[in-house]
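K.L.:
Sending over a structure as structure tokens; questions will come in a sec.
The values are calculated or read from the model by the stated rules, or taken from the named source; none is laboratory data. Note that the coordinates shown come from a computational prediction; the quantities given were computed from them, not determined experimentally. Because the Cβ atoms are built from the backbone with ideal geometry, glycine has one as well, and the counts that use them run over all protein chains shown.
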Amino acid sequence: DAGVIQSPRHEVTEMGQEVTLRCKPISGHNSLFWYRQTMMRGLELLIYFNNNVPIDDSGMPEDRFSAKMPNASFSTLKIQPSEPRDSAVYFCASSFFGGGDSPLHFGNGTRLTVT
Amino acid sequence: AQRVTQPEKLLSVFKGAPVELKCNYSYSGSPELFWYVQYSRQRLQLLLRHISRESIKGFTADLNKGETSFHLKKPFAQEEDSAMYYCALSRGSSNTGKLIFGQGTTLQVKP
């Protein structure tokens with residue numbers, strides 16, 4: 001298994017543009033998480049899904065952020081419109097929850113720069 | 001409020017010296033505590049979790065509920081231990097992927 005796959009690895013965009021980050025979790029995992037890492041705030045949970053259903057989106061900063069998981073093998077995190085303060089590394093992670101949890105497996109992250 | 005505090009942003013030691021990375025948490029229930037590590041140019045990965053009570057790469061961590069601490073220790077640091085270390089907390093009853101992370105500590109092991 002290649003692990004959690006995120007794309008793109010780097011994204012540079014101008015303020016006001018729409019940004020879409022993509023994630024493919026590990027096959028068989030039923031939970032998917034989006035985390036954001038910044039110098040100021042460290043690693044923060046934005047949203048997580050269980051069996052493709054959003055369970056907790058309390059960490060999503062504002063309405064400009066949205067996340068979807070149309071099926072068990074794909075999720076997107078969209079920012080529209082993007083702002084310079086959204087610049088961060090965005091991590092996707094997956095795990096199996098229930099009957100013996102598996103550890104959280106992280107992707108390599110997407111480094112987003114909004115100019 | 002649930003919180004994880006790692007007081008040191010950077011810890012620099014010489015090879016062979018003991019290492020202790022501090023982690024304190026704030027949570028009123030029964031938490032699960034974890035240490036994650038990120039080596040240079042690698043993804044964040046689980047190092048150990050308190051319920052496993054195991055030693056990984058020579059590292060151990062004991063949950064001290066009285067002091068609300070989960071410090072990471074290694075008796076003799078190696079250069080390959082240089083990395084970013086994150087302490088994380090999960091509510092015992094919830095999905096253990098829903099983690100609250102500390103700010104992280106960079107461990108630098110000098111030759």
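K.L.:
Any idea which residue in segment A:89-110 is nearest to B:Gln45 (Cα to Cα), counting only those that are in contact (Cβ under 8 Å) with a residue 24 or more places away in the chain and either in contact with a Leu (Cβ under 6 Å, 6 or more places away or on another chain) or of a type in the set (Ser, Thr, Tyr) (or both)? Show your work before the answer.
P.N.:
Looking only at segment A:89-110, we keep the residues that are in contact (Cβ under 8 Å) with a residue 24 or more places away in the chain, and these are A:89-98, A:102, A:104-110.
With either in contact with a Leu (Cβ under 6 Å, 6 or more places away or on another chain) or of a type in the set (Ser, Thr, Tyr) (or both) added as a condition, the list becomes A:90, A:93-95, A:102, A:106, A:110.
On the way: A:Tyr90: 15, A:Ala93: 10, A:Ser94: 12, A:Ser95: 12, A:Ser102: 12, A:Phe106: 7, A:Thr110: 16 Å.
My answer is A:Phe106.
K.L.:
Any idea which residue in segment A:97-115 is modelled with the lowest pLDDT, counting only those that are buried (at least 20 other Cβ atoms within 10 Å of the Cβ) and more than 7 Å from chain B (Cβ to nearest Cβ)?
P.N.:
Residue satisfying both the conditions and the ranking: A:His105.
K.L.:
A:Asn51 fails exactly one of the following numbered conditions: (1) modelled with pLDDT of 95 or more; (2) on the phi > 0 side of the Ramachandran plot. What is the number of that condition?
P.N.:
Failing condition for A:Asn51: (1).
K.L.:
Go through A:Glu44, A:Glu14 for me and flag whichever is free of Cβ contacts under 8 Å to residues at least 24 places away in the same chain and of a type outside the set (A, V, I, L, M). Don't jump to the end; show me each part of the working.
P.N.:
On the way: A:Glu14 fails: free of Cβ contacts under 8 Å to residues at least 24 places away in the same chain.
Sole residue among the options that is free of Cβ contacts under 8 Å to residues at least 24 places away in the same chain and of a type outside the set (A, V, I, L, M): A:Glu44.
K.L.:
Provide a single number: the residues in segment A:43-100 that are of a type outside the set (A, V, I, L, M), assigned to a strand (DSSP E or B), over 11 Å from the mean Cα position of the chain (by Cα) and within 26 Å of B:Gln6 (Cβ to Cβ).
P.N.:
2
K.L.:
Can you pull out every residue in segment B:23-39 that is assigned to a loop (DSSP other than H, G, I, E, B), touching a residue at least 60 places away in the same chain (Cβ under 8 Å) and surrounded by 13 or more Cβ atoms within 10 Å (Cβ to Cβ)? Break it down stepwise before answering.
P.N.:
Step one: of segment B:23-39, the residues assigned to a loop (DSSP other than H, G, I, E, B) are B:23, B:27-30, B:39.
Checking the rest, the ones that are also touching a residue at least 60 places away in the same chain (Cβ under 8 Å) come to B:23, B:27, B:29-30.
Answer for segment B:23-39, where residues must be assigned to a loop (DSSP other than H, G, I, E, B), touching a residue at least 60 places away in the same chain (Cβ under 8 Å) and surrounded by 13 or more Cβ atoms within 10 Å (Cβ to Cβ): B:Cys23, B:Tyr27.
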